[in-house]
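Engineer: The structure under discussion is supplied below as C-alpha cells; questions concerning it will follow.
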Amino acid sequence: MTPLLLPNEILSMSAQAARLLVESGDGDGALLYLALLECGGDQAKAAARLRWEDGRLRPAWQRLAALGLAQAPADAPPPPLRQDERPPEYTRGDIAAAMEREPEFQGLCRELEGMLGRVFTDSDLRCAYTIYDHLGLPPEVIIQLTGWVIGRERRAKNSPAACPRMPQVQREAFKWKRLGLDTLERAEEYQRRQEAVDQREWAVLQAVGVTERRPAVEKEREYIAAWIGMGMSDELIRMAYERTVYQKKAMNWPYMNKILLSWHGAGYQTPQQVEAGDRPPRRQAAPAKAQPRDFQPSPERIQKNNDWLDKFLEEQQKGGD
C-alpha cells in the first residue's frame, strides 16, 4: 500500500538545481543536497542524517558549493588534492619533448601566450602541460578556460589590461576538472550560469544592505550563486535579509543562508508564500450570540391596538342594540 504523503512530507527542488546535480554526475553531492532539503537547510542535521565519514562528506560539500547549490561549512578547509590530482613533476626535458612531439600542445602554448600577452617561462609551460597532459582537458576547453580566468581577473581588478598568471589558470583548471567541465558545451553552460550570477550580483548585494557599488568577494559570491541556483528572487532575498538583521542586529551571511535554504526546502517561491507559511492559522471567530429581542411594544403600536379595541367594542355594542 502506498503511504499517504502529507503536504509537509513533500520536498520540492528547482529544475535548475536538478539539472546541475544531474550534469555533475556526483551521487554524493545529490544525496547531500536531498539531506539539506529534508533538514530545512540545517547543515549539521544534514551531515548527521547521512552519517558519512569526513573524507566523504567534505568533497560533497565542496562539490555543492562549486555548483552554487550550498555553502560549505565555514570550518571546513578545502579538501586536499587526491592522489590522482597531484600533478607530476615535469622536467624541462619533458616539456621540450612535448613541444617537439606534440604539435597540438605547441600550438596551444602559442595561443595562450597571445591571450596572456607574454612569452611563457619554464614554469608557465609546466602549468600548461599539467592542464593539457595530466588533467587531459581538450585544447578548446583550455582556451575557453583561460579566457574565462582573464575576464574574471580584469573584473576583479577593474582593469581591462589585467592578466592572470598561469598558476591561476591551473588552479581554475583543477576546479573545472572536478566539475566535469571537460567539453566545450559543458564549459559554455557553466559560464552562462556564472554570467547569470554576474548580472544579478549587484542587485543581490543591494538587497542585503550594500550601498557602495563593488564586486562581491569570493565568499559572498558563493552564497549569491547558491541563492540564484535555488531560484530565489531579489524580493525573497531582501525579506531574508530583514529577518536576519532583526534577529542578529547585523548582516550575517550564514544565518541568512539558513533562512533561504529553509524556504527553498519548503518550496516557497514568493514573499506571499513565505508570509502565509510563517503566519499562524487564523482562529475562526466564534459565532455572534443572538441578541435578545425586545418585545416591548412601541407607543404607536399601543395606540393602534387601542383604536382597534375601541372600534371592536363599538361594533359589539351596536350589534347588541
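Engineer: Using the crude model of +1 on Lys and Arg Cβ and -1 on Asp and Glu Cβ, and no other charge, please compute the dipole size for the range 150-205 relative to its Cα centre, in debye to 20.
Structural biologist: Using only the charged Cβ atoms, the result is roughly 260 debye.
Engineer: Could you give me D for the range 132-241, from Stokes-Einstein at 4 °C and 1.567 mPa s, where the hydrodynamic radius is the Kirkwood radius over C-alpha pairs? Units µm² s⁻¹, please.
Structural biologist: After rounding, the answer is 85 µm²/s.
Engineer: Could you calculate the contour length gain from SER14 to SER123, that is, 0.36 nm times the residue separation minus the distance between their Cα atoms, to one decimal place in nm?
Structural biologist: 34.9 nm
Engineer: Taking the solvent-accessible surface of protein heavy atoms with a 1.4 Å probe, what is the per residue accessible area of the range 148-259 in Å²?
Structural biologist: 53
Engineer: Over 22 Å between C-alpha atoms is what I'm after, so list which of LYS157/LYS219; LYS219/LYS248; LYS45/LYS258; LYS45/LYS177 land there.
Structural biologist: Details: LYS157/LYS219 17 Å; LYS219/LYS248 19 Å; LYS45/LYS258 12 Å; LYS45/LYS177 30 Å.
Over 22 Å Cα-Cα: LYS45/LYS177.
The values are calculated or read from the model by the stated rules, or taken from the named source; none is laboratory data. Computed from a predicted structure; not experimentally measured. Glycine also receives a Cβ, built like all others from the backbone with ideal geometry; neighbour counts cover every protein chain displayed. Only protein heavy atoms, including side chains, enter the accessible area calculation; ligands, DNA and RNA are left aside. Shrake-Rupley method; radii C 1.70, N 1.55, O 1.52, S 1.80 Å.
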